[in-house]
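Written below as structure tokens is the structure these notes are about.
The values are calculated or read from the model by the stated rules, or taken from the named source; none is laboratory data. Remember, it's a predicted structure, so these values are computed and weren't measured experimentally. Neighbour counts run over all protein chains shown; Cβ positions are idealised from the backbone, glycine included.
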Amino acid sequence: MSDFAENCKTIGLPWPHLNDGLTYRDVVSPSDTDVTLIKFYSSKHENSAPLQGWLQRIQNGQISVDGGVVTDPNAIIRAGSELVYHRLPWKEPDAPYLLEVLYEDDDLITINKPSGLQVLPGGLFQQRTVLTQLQWRTSKQGSSIARQEPHPVPVHRLGRGTSGILLCAKTKSAKIRLASYFADGTSVVGDNRKAELGTMRKISKIYRALVIGILDEDEVFIRQPIGMMRYPGVAKGLYVASPSGKPALSKVNVLQRDVQKNHTLVQVEIQSGRPHQIRIHLSFVGHPLLGDPLYVTGGQPKCIDSEILDGSFAQDGGYQRPTNPVPGDCGYHLHAHQLVLNHPTKNEVIKITAPLPSVLRTQEEAK
């Protein structure tokens, strides 16, 4: 096994003040023919903006029909027409941009993602993401960096507030192979004959986390399924502990207990890779991550009754940010510490380690 740790190489370019905006395309279906432009957008994309917000966008000249700008909200649209909504550039919230490279070859690159940086575009973060930095770097290097056409992309996700190892492919073939490793691990969780952590897997991930309360047992297996619920401000729904959800398995080992502060430092190995799995599982067993603004005991959100603000809308016509916590909020302590995988093209197993934040080190490691 080849072992790789921090090598002090960093990549990343500063973010521009404004991003490039976004373009959304729709083709009118026969069932939507002869409806007005405002009815189409306010009904088809009501999660993006309220009615008044879509009126603002149309009157601003941000909507085109078959290549021509239309500012009349009552204009009739026809089947087959292409509608384009141009979202104006905006200043995204602050986010880190420098990335430590932990390991790199022609097929893959692993980085030490800082807390506060989103992996893929979503919500307010469309440019300030890991994906953007990888694409910028590849465009500067040219296509000679790999045997194939470059295709830089993360093959799994870490929450915006989670730090540590993020595995990224550099070619399409590497992405397919690496993505299959994650899919294989998740697929066996529901099979008790196969769902033994550390057994016959091509990839394993170990995390560090700091949780509220004192875990009595030194080792805990959590098999709580994870599903979705409707939640204000999260258009696709929020992942939570749910009996009807998909199988998920986490193995938790206690590293250090701090009775005085009522905290426990734990190591978590996950077989499956459900979104927010560690945050949900630890909160489900009564030990939410210290500083987690969203999940509380039971694996449920802290706030479930909040509504989007009063129908008012933001400068771009979209909804105001909800007052309740959302998954991308930071503050919790979770770090992807170690990754072991079968290399997608080389006949070897590699182990990658990301240095620990001070708050997640044991007393011995801190010396």
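Some points to look at:
- All positions within segment 221-234 that are in a strand (DSSP E or B) and more than 17 Å from Cys303 (Cβ to Cβ): Phe221, Ile222, Ile226, Gly227
- Some residue of segment 40-47 being basic (Lys, Arg) and not assigned by TED's automatic domain parsing to the domain that holds His343: yes
- Among (1) at pLDDT below 70; (2) more than 25 Å from Asp105 (Cβ to Cβ), the one test that Gly185 misses: (2)
- Per the listing Thr71, Thr23, Thr110, Thr10, the residue uniquely outside any helix (DSSP H, G or I) and surrounded by 15 or more Cβ atoms within 10 Å (Cβ to Cβ) is Thr110.
- Qualifying residue in segment 35-53 (condition: more than 29 Å from the chain's Cα centre (by Cα), at pLDDT below 95, polar (S, T, N, Q) and outside any loop (DSSP other than H, G, I, E, B)): yes
- Pick from segment 113-131, criterion modelled with pLDDT of 95 or more and not in a loop (DSSP other than H, G, I, E, B), ranking: surrounded by the fewest Cβ atoms within 10 Å (Cβ to Cβ): Leu131
- Residue check for Val252: farther than 20 Å from Val359 by Cα and crowded, with 22+ Cβ neighbours inside 10 Å: no
- Check on Val234, closer than 13 Å to His281 by Cα and surrounded by 15 or more Cβ atoms within 10 Å (Cβ to Cβ): no
- Only one entry in Gly122, Gly67, Gly61, Gly53 is touching a Phe, Trp or Tyr at 6+ places or on another chain (Cβ under 8 Å) and within 18 Å of Tyr24 (Cα to Cα), namely Gly53.
- Contact annotation: residue pairs with Cβ atoms under 9 Å, 6 or more positions apart or on different chains, pairing a residue in segment 132-158 that is more than 20 Å from Glu92 (Cβ to Cβ) and buried (at least 18 other Cβ atoms within 10 Å of the Cβ) with a partner that is among the hydroxyl-bearing types (Ser, Thr, Tyr) and modelled with pLDDT under 85, are Pro150/Ser143.
- Tally of residues being at positive phi, modelled with pLDDT under 95 and in contact with a strand residue (DSSP E or B) (Cβ under 6 Å, 6 or more places away or on another chain) across segment 8-33: 1
- Yes/no for Ala5 being among the small types (Gly, Ala, Ser), surrounded by fewer than 17 Cβ atoms within 10 Å (Cβ to Cβ) and modelled with pLDDT under 95: yes
- Residue within segment 206-218 that is among the hydroxyl-bearing types (Ser, Thr, Tyr), closer than 22 Å to Arg361 by Cα and either in the same structural domain as Phe284 (by TED's automatic domain parsing) or surrounded by fewer than 19 Cβ atoms within 10 Å (Cβ to Cβ) (or both) present: yes
- Residue satisfying all of: in segment 333-367; of a type in the set (Lys, Arg) and over 25 Å from Pro288 (Cβ atoms); surrounded by the fewest Cβ atoms within 10 Å (Cβ to Cβ) among these: Lys367
- When Leu167, Leu178 are checked against the criterion of being surrounded by 22 or more Cβ atoms within 10 Å (Cβ to Cβ), within 19 Å of the chain's Cα centre (by Cα), in the same structural domain as Leu255 (by TED's automatic domain parsing) and at pLDDT below 95, Leu178 stands alone in meeting it.
- Filter pass, Pro275 being assigned to a loop (DSSP other than H, G, I, E, B), under 20 Å from the mean Cα position of the chain (by Cα), assigned by TED's automatic domain parsing to the domain that holds Ala209 and modelled with pLDDT of 95 or more: no
- Residue check, Ala209 assigned to a loop (DSSP other than H, G, I, E, B), under 30 Å from Ile350 (Cα atoms), at pLDDT 90 or above and under 21 Å from the mean Cα position of the chain (by Cα): no
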